[in-house]
1. Note down the relative contact order for the chain as a percent, whole number, built from C-alpha pairs under 8 angstrom at least six residues apart.
2. With each label point set 7 Å from Cα along the Cα-Cβ vector, what nm distance links Tyr137 and Ser106?
3. Any chance you could count the Lys pairs in segment 17-126 whose alpha carbons are under 23 Å apart, treating pairs 8 or more apart or on different chains as valid?
4. Mind pulling the per residue volume of the convex hull built on the Cα atoms of the chain? Å³ is fine.
5. Among DSSP beta bridges whose residues both lie in the chain, state the antiparallel percentage, nearest 5.
6. Work out the P(r) tail for segment 96-139: percent of alpha carbon pairs separated by more than 16 Å, whole number.
7. Given only helices, namely DSSP H runs of n ≥ 4 each adding -39500 (n - 2.57), what is the per-residue ellipticity at 222 nm of the chain, to the nearest 500 deg cm²/dmol?
Amino acid sequence: MKVHIVAVGKLKNGYVVEGVKDYYERIKHYIPITMVETKQENPFNLITKEGFHIVLDAQGKLMTSEEFASFIGDLLTTQSNDVYFYIGGPEGFSEAFKDNAQMRISLSLMTFPHELARLFFLEQLYRALTIIKGEKYHK
C-alpha cells in the first residue's frame, strides 16, 4: 500500500513549507508516500483511480489521534490498493467530488486555512504511525 496526499493549491508560507517538509520526511521512514499539489479544485482524474479515497471535509468523521491511528493501522494491514487523502483549497471540494470518495474525515470542528490543514494532517499521520509503532512521540 502506498499513501498519496493530494492537496489543492501551492504552499506559500515559509513556516508551513518547512513544517510540511519535516513531517513528510518523517513519514517516509514508516510508509511509502507521495504528495501532489494540484490546481484542480476537484481532481476527478485522481479520485476515479483504483484505490481507497478519503476526503478531508469539515462534515467528515471526527476521530481522536488514537482512533485515527487505529484506522491507519487497519488500512495498513487490510488495504492492498493505494490510499488517497484529499486536502481541499480555500473553496473546499464540490459535493459531486466528495461523493466519489469512500470516506470523509474531519480534522476538527474548527476551520483552518488550507495550508495549515495540510500541515496538521501530516502531523496527525506521523503521530498515528508513531502510536502504531509504540514510540514516545504521542506522549
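1. Here the relative contact order equals 36 percent.
2. 2.6 nm
3. 7
4. Values: hull volume 14.5 nm³, N = 139.
Given the Cα convex hull of the chain, per-residue volume reads 104 Å³.
5. Values: 0 of 20 bridges.
Rounded to the nearest five, the antiparallel share is 0 percent.
6. When every Cα pair of segment 96-139 is considered, 54 percent fall beyond 16 Å.
7. Details: 5 runs with 56 residues, N = 139.
About -12500 deg cm²/dmol.
Every number here is computed from the coordinates shown, using simple stated rules; none is lab data. Everything numeric in this text was worked out from a predicted model, so none of it was measured. Reconstructed Cβ throughout: ideal geometry from the backbone, glycine too, with neighbour counts over all protein chains shown.
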